[in-house]
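Notes for the one structure printed next.
The values are calculated or read from the model by the stated rules, or taken from the named source; none is laboratory data. Please read these numbers as outputs of a predicted model, since none were measured by experiment. A quick note on method: Cβ atoms are made from the backbone with ideal geometry, for glycine too, and the neighbour counts reach across all protein chains shown.
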């Protein structure tokens, strides 16, 4: 088991170990170290905010680059080093950090010195159930006073020692946690690693939009780093498509000018040559996601009503509008009417997708039922027609073949419409049964 602890700089670590009923020994396999490092990041600490530390280090007279991204394993290394043959960031590291850095320029952000010692706790029978890495850190980032902290990484093989460790650390005026604090948080930098806001229905609409944006941003970065180096960008495309649905579904609560511009960026990113994550518009989407988390773009809701009640009412309204648009469909309905019904259903489905993190299983079940309707309706939408002018410009053989293809598509569509009309009552009954209600 591994635990992490923060203790005062002046704490007596041997006394802390003895308080656990163990003798203190130096770990002869790991000599003490002293490292000096320059942390490189953008001026707004984009790497640190995502739990990534890029540093240029000198240890025992050896210069190297170090990349630490433990929260992004297995796609990025928890701790990797490369020799510093010149002053440039190694290409491998530069590629890894690109989605987090984006277009930001790297430069020195802080100077950090770390003095480390390694101890073991030894039981009376000679067994060593406790290994401790003791790190004293001093960080300077331009202010008059450095930031100092002392952190322990404790590995133990007996779960019974956990309570003893907590008691001993608290006695030394320290704290124990299951996760190590990131360097960014210690330097007072904003963190995107975990959501700052938990989804709940009492949230004001702007706070819900920010929380949802942060969630999609994390999902997009995870899809990117998991696809890195591959031409398979389906995971990236899936998140971009989900983002588009979120914006469409929540459009009435967002600033219209922002909606128009962001949808244009998303469409450009989705239309880019694969892999999508290499296009300029994709990185503009990432830029916009960060800006959105800092500048809420939700339209204020009257009386500061919680987002839960507002969105429940809107989901119900959109589902009923979609049902009404679908109820009047017949096999003689014009193509435009079928398209209108499909778009109404798609809008309701998009809002259900966006409210998934808020309503949980309730949204998922409703979205699943409505998704069956939507899939059936899209199959009923007319294929792109070839205009007479276009046909006139084709050769006779090509025009004949194009016409045959279109006729087959129309026949297939007519069959799909007949199937939908036959199943529609049952499909919509399931939708209404699983409806998200106010």
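With the structure loaded, tell me whether residue 115 is in the same structural domain as residue 76 (by TED's automatic domain parsing) and more than 25 Å from the chain's Cα centre (by Cα) or whether it fails that test. Against the criterion (in the same structural domain as residue 76 (by TED's automatic domain parsing) and more than 25 Å from the chain's Cα centre (by Cα)), residue 115 qualifies. When 60, 56 are screened for being in the same structural domain as residue 113 (by TED's automatic domain parsing) and at pLDDT below 90, only 60 passes. State yes or no: is residue 407 on the phi < 0 side of the Ramachandran plot, part of a helix (DSSP H, G or I), under 27 Å from the mean Cα position of the chain (by Cα) and at pLDDT below 95? It is false that residue 407 is on the phi < 0 side of the Ramachandran plot, part of a helix (DSSP H, G or I), under 27 Å from the mean Cα position of the chain (by Cα) and at pLDDT below 95. The single condition among (1) touching a residue at least 24 places away in the same chain (Cβ under 8 Å); (2) farther than 25 Å from residue 51 by Cβ that residue 163 does not satisfy is (1).
Quick grid of which residues meet (1) surrounded by fewer than 15 Cβ atoms within 10 Å (Cβ to Cβ); (2) part of a strand (DSSP E or B); (3) at pLDDT 95 or above:
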site: 100; (1), (2), (3): no, no, yes
site: 104; (1), (2), (3): no, no, no
site: 114; (1), (2), (3): no, yes, no
site: 120; (1), (2), (3): no, yes, no
site: 125; (1), (2), (3): yes, no, no
site: 128; (1), (2), (3): no, no, no
site: 135; (1), (2), (3): no, yes, yes
site: 142; (1), (2), (3): yes, no, no
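Among residues of the range 150-171 being touching a strand residue (DSSP E or B) at 6+ places or on another chain (Cβ under 9 Å), over 10 Å from residue 5 (Cα atoms) and surrounded by fewer than 17 Cβ atoms within 10 Å (Cβ to Cβ), the one that is modelled with the lowest pLDDT is 158. Please determine, by comparing only the residues of the range 172-190 that are outside any loop (DSSP other than H, G, I, E, B) and touching a residue at least 12 places away in the same chain (Cβ under 8 Å), which one is surrounded by the fewest Cβ atoms within 10 Å (Cβ to Cβ). Step by step, filter the range 172-190, then rank; the result is 177. Against the condition crowded, with 20+ Cβ neighbours inside 10 Å, more than 25 Å from the chain's Cα centre (by Cα) and at pLDDT below 95, how does residue 72 come out, does it pass? Against the criterion (crowded, with 20+ Cβ neighbours inside 10 Å, more than 25 Å from the chain's Cα centre (by Cα) and at pLDDT below 95), residue 72 does not qualify. Of the helices (runs of 4 or more DSSP H) lying entirely inside the range 277-368, those containing at least 3 residues that are over 20 Å from residue 260 (Cβ atoms), touching a residue at least 60 places away in the same chain (Cβ under 8 Å) and within 27 Å of the chain's Cα centre (by Cα) span 307-327, 335-354, 356-359. Screening residue 193 on (1) in contact with a helix residue (DSSP H, G or I) (Cβ under 9 Å, 6 or more places away or on another chain); (2) in a helix (DSSP H, G or I); (3) under 24 Å from residue 46 (Cβ atoms) shows it passes everything except condition (2).
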